[in-house]
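What follows draws every value from the coordinates through simple rules; no lab data is involved. Keep in mind the model is a prediction, meaning the values are calculated, not measured. Note that each Cβ is placed from the backbone with ideal geometry, even for glycine, and that neighbours are counted across all protein chains shown.
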Amino acid sequence: MSLSVIESTSRPTIESECWVGIVDDDASIRQSLARLFRGNGIRAVTFGSAEEFLRRTVPAEPRCIVLDVHLGGLSGLDLQARLAAEGNLTPIIFITAQELCLTELARRAGPCGYLRKPFDSDALIALVRPHLNGHSSR
């Protein structure tokens, strides 16, 4: 398992702070997004699969999840359904590089939104920030 916690040693630990989960099977995307969030003062924990996210050992729930739709094994949509079935309503921002039914993706994403890869980093930060500040519509 390759869990990557992005944090500095001079700040409180991830267990006591809000964080964003990044779930993408492309390591370069995970690293880029983690750097983007870190550069914007946002804690991020990365996961290479939906299964890895489900096995996480971080005790607190993320404030939101940036979730790739197409993953090996469980898809992003499968993960969303599993979390919802467990009563976990963590906001999810979907990302995808694939052509798919945007109407269905928009319905599944709801007010949290979705982005097509490649996307503008400012657009992603704009979607994530409200969830960190407690103004999300969970």
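Structure notes:
- Subtracting the Cα-Cα distance of Asn133 and Asp120 from their residue separation scaled by 0.36 nm leaves 2.6 nm.
- Net charge, Glu51 excluded, C-beta distance under 11 Å - Lys, Arg +1, Asp, Glu -1: 0
- Note on Thr57 and Arg82: the extension gain reaches 7.2 nm, defined as 0.36 nm multiplied by sequence separation minus the Cα-Cα distance.
- Gain upon complete extension [Gln31, Glu17; 0.36 nm per residue less C-alpha separation]: 3.0 nm
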